[in-house]
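Okay, so here's the structure we're looking at.
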Amino acid sequence: MNEMTSEEFEQEWDKLILRVSKHFKVSAEYEFILFVLGIQEMGWGFREYSKTEKMDLINVARCRILVRQGYIKETGIDNEGFPLFKASSKLKSMMPSFQNQLIKKGLIEYFKTVEFN
């Protein structure tokens, strides 16, 4: 992943927010984009989701982004069909704000190469 300046990052993040907002006709934000990615990764499509399902999909998205960046390894699938992950020690010692920044950068890269379903 190419390193971006802070200004480039903010511009790219704003472009992603705008793209997702227009596509889904909502005011998208960080967790909504993660939710969209989780649905995309699980292949479930849009429908009504319980709060627990939404949180699970957001977690899948976070983990899949961090897998792409090498901070997490996918270790299998649970009995409900959700992927299982193991975090690296590097990720475990990382500040949450830095993790969120990494995930946002990962979302920018992800949606440059993936179309919405």
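The values are calculated or read from the model by the stated rules, or taken from the named source; none is laboratory data. In this text, all values refer to a predicted model and were calculated from it rather than measured experimentally. We place every Cβ from the backbone using ideal geometry, glycine too, and count neighbours over all the protein chains shown.
Identify the residue in the range 26-82 that is of a type in the set (S, T, N, Q) and closer than 19 Å to K104 by Cα and, among all such residues, is surrounded by the most Cβ atoms within 10 Å (Cβ to Cβ).
Q40
Can you name the residue in the range 86-117 that is among the charged types (D, E, K, R), more than 15 Å from R62 (Cβ to Cβ) and outside any loop (DSSP other than H, G, I, E, B) and, of all such residues, is farthest from the chain's Cα centre (by Cα)?
Ranking the qualifying residues of the range 86-117, first place goes to K90.
Give G70, G106 a once-over and let me know the one that is of a type in the set (G, A, S) and in contact (Cβ under 8 Å) with a residue 40 or more places away in the chain.
None of the others qualify; the one that does is G106.
Which one is modelled with the lowest pLDDT among residues in the range 83-97 that are under 29 Å from G43 (Cα atoms), surrounded by 10 or more Cβ atoms within 10 Å (Cβ to Cβ) and not hydroxyl-bearing (S, T, Y)?
Within the range 83-97, the match that is modelled with the lowest pLDDT is L91.
Find the residue count for the range 69-84, including only residues that are under 14 Å from G38 (Cα atoms) and not in a loop (DSSP other than H, G, I, E, B).
Here the count works out to 2.
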